[in-house]
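Worksheet: one structure, shown below.
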Amino acid sequence: MSHGPRSGLAAVSSALLAMSRHLEVRDVLKTIVASARELLDAQYAALGVPDDHGGFAQFVVDGVSDAQWKAIGPLPRQHGILAAMLHNARPERLADVRKDPRFEGWPAAHPDLADFLGLPIRDGDEVIGALFLANKLRPAAGHPPCPEGEGGCGFTEEDEELLAILAQHAAIALTNARLYERSRELTIAEERSRLAHELHDAVSQKLFSLRLTAQAAAALVDRDPARAKGELHQVAALAAEAADELRAAVVELRPAALDEDGLIATLRTQAQVLDRAHTARVTFTSNGFRALPAAQEEALLRVAQEALHNALRHSGAEHVDVSVERRGCGAVLRVTDDGSGFDPQTVRRAGRHLGLVSMRDRSSGVGGALTVQSAPGKGTTIEMEVPGG
C-alpha cells in the first residue's frame, strides 16, 4: 500500500470504483478500509460492523500485520470512542485519542494510536458500521509540518469532509453487498427446494415399485414359492435403494457447499445426486481447474444447475455430461446432453422456455460468454466461459 498523499477527484474516484467492484461483504469491507487509509494517508484504518450484543459481527483492519492482529486478541467491544460513534452517529476527530476521557485503553499488542478520525456509516437512520483512521502520516497541502515527538500530523477538517464522502458511498456499497448475499441465500433455498422435489420423486418411484413387488410376492407365496422368493429378493433390493435415496436427501439438502467445498466438489456432488434421482446417466469431469472469484464460481454453478434441469426435465436425454476445464486464467463449463435438442433459429422462443435468458444474464454479469449448440434430435451443448480474476 502506498503512503503517498492522494487528493483530488481522481483519488476519490479511484477509491469509489474500488468499492463498487466487489459483491461479497467481507471484500467490500476490506476495500473500504484500504481505500480510506490510502486516500487520507493514515497509518491505520479499521471498520467495525456492530452486532446486537455489544460487540462486532465483523471488524476489518488495514495497516496491521496478520501476526499483530492475532496477538491483539478478541474483537473489541462497543465501548469508548467506538460506542460513541455507533450510538450518537456523529464524527469524532481527536488530536490524541489517549487523552479523551472516554478512552479505555487497549491490549498490550495493540499499536499505539494518537490522532484519530472516525465516522459512522449510515444507511438512512441505521448505523451499519464505524469507520476510523489513526496516525496521519503527512500534513495536508498548505498545512504546517508535523510536530516532532509523539503523535501524528493530526487530521484536518478537510480530511473529515473527504472521509464523510467515502462513508456515504461505503454505505451504498455495503448495503448492495448485503442485498447480493441475501439474494444468494434465496437462490440457495430455491435450489434446495428443487432438489428436494427431485429426490422425493425418486424415492416415491422406488416405494411404489416396492409395494407392487411385495403384492406380487404375497400372491405367489402359496402357488409358486420359488417365484415368490425371487420377488422377495427384489423387495429387499428396492428397499435398500429407497434407503439410499433417503440418506441422500438428508445429506444433500444441506445448504450449498460452494463456499466451503469449492466449485468442483459442489458440481461433482450435484451430478452424483441427480444421477441417482433420474433414469438418465449424469457424469462429471474436470481438468486443470483453478479457483476463481466467488461471483464467477457462483454464476458457473447456477448455469450448470439450470442446464442440468433443462436436460433432465425437458430433453428426454439418456446421458448428460458436465465438465469444467481451465482455459487461460479462467474456465469453461460445458453441459452436454443426447436429448431431443431444438432448432437454434427458434432460440428466442426456446430461450424463454429453457431459461437461456437467465443463463446469458448470469454469464454476462461476471464478464463471461454463453454459447448454445443444438439441433432437433441431436442433443444440446451449453458452454459458458469466464475470464478468471
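The values are calculated or read from the model by the stated rules, or taken from the named source; none is laboratory data. This is a predicted model, so every value here is computed, not measured. Backbone-built Cβ (ideal geometry, glycine too); neighbour counts: all protein chains shown. SASA here: full protein model, heavy atoms, side chains in, ligands and nucleic acids out. Shrake-Rupley method; radii C 1.70, N 1.55, O 1.52, S 1.80 Å.
Against the test of being at pLDDT 85 or above and open to solvent by less than 10 Å² (accessible area, probe 1.4 Å), the options A15, A46 yield a single qualifying residue, A46.
Results for (1) closer than 21 Å to A34 by Cβ; (2) modelled with pLDDT under 85, shown as yes or no for each residue.
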| residue | (1), (2) |
| --- | --- |
| D52 | no, yes |
| V61 | yes, no |
| I72 | yes, no |
| R98 | no, no |
| G105 | no, no |
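Within the stretch 317-341, residues that are on the phi > 0 side of the Ramachandran plot have Cβ atoms under 9 Å from residues that are open to solvent by less than 50 Å² (accessible area, probe 1.4 Å) and not basic (K, R) in these pairs: G328/G388; G341/S315; G341/S374; G341/A375; G341/G379; G341/T380, counting only partners at least 6 apart in sequence or on another chain.
State which residue is farthest from A46 (Cα to Cα) when the search covers only the stretch 123-137 and only residues that are open to solvent by 10 Å² or more (accessible area, probe 1.4 Å) and touching an Asp or Glu at 6+ places or on another chain (Cβ under 9 Å).
Among them, the one singled out is L137.
Residue count for the stretch 69-85 under the criterion of being open to solvent by less than 20 Å² (accessible area, probe 1.4 Å) and under 26 Å from the mean Cα position of the chain (by Cα): the result is 0. The set of residues in the stretch 203-240 being part of a loop (DSSP other than H, G, I, E, B) and open to solvent by less than 40 Å² (accessible area, probe 1.4 Å) is empty.
Number of residues in the stretch 270-284 that are buried (at least 17 other Cβ atoms within 10 Å of the Cβ) and either of a type in the set (V, I, T) or free of Cβ contacts under 8 Å to residues at least 24 places away in the same chain (or both): the value is 2.
Conditions (1) under 25 Å from E306 (Cβ atoms); (2) of a type in the set (V, I, T); (3) modelled with pLDDT under 80, marked per residue:
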site: H169; (1), (2), (3): no, no, no
site: L174; (1), (2), (3): no, no, no
site: I188; (1), (2), (3): yes, yes, yes
site: E191; (1), (2), (3): yes, no, yes
site: E198; (1), (2), (3): yes, no, yes
site: A239; (1), (2), (3): no, no, yes
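Does any residue of the stretch 86-94 turn out to be within 33 Å of the chain's Cα centre (by Cα), surrounded by 14 or more Cβ atoms within 10 Å (Cβ to Cβ) and more than 20 Å from Q43 (Cα to Cα)? Scanning the stretch 86-94 turns up at least one residue that is within 33 Å of the chain's Cα centre (by Cα), surrounded by 14 or more Cβ atoms within 10 Å (Cβ to Cβ) and more than 20 Å from Q43 (Cα to Cα). Count of the stretch 147-165 residues, restricted to those that are modelled with pLDDT of 85 or more and either of a type outside the set (D, E, K, R) or open to solvent by 50 Å² or more (accessible area, probe 1.4 Å) (or both), is 10.
Where helices (runs of 4 or more DSSP H) fall wholly inside the stretch 285-389, the ranges with 3 or more residues that are over 30 Å from R26 (Cα atoms) and open to solvent by less than 20 Å² (accessible area, probe 1.4 Å) are 294-314.
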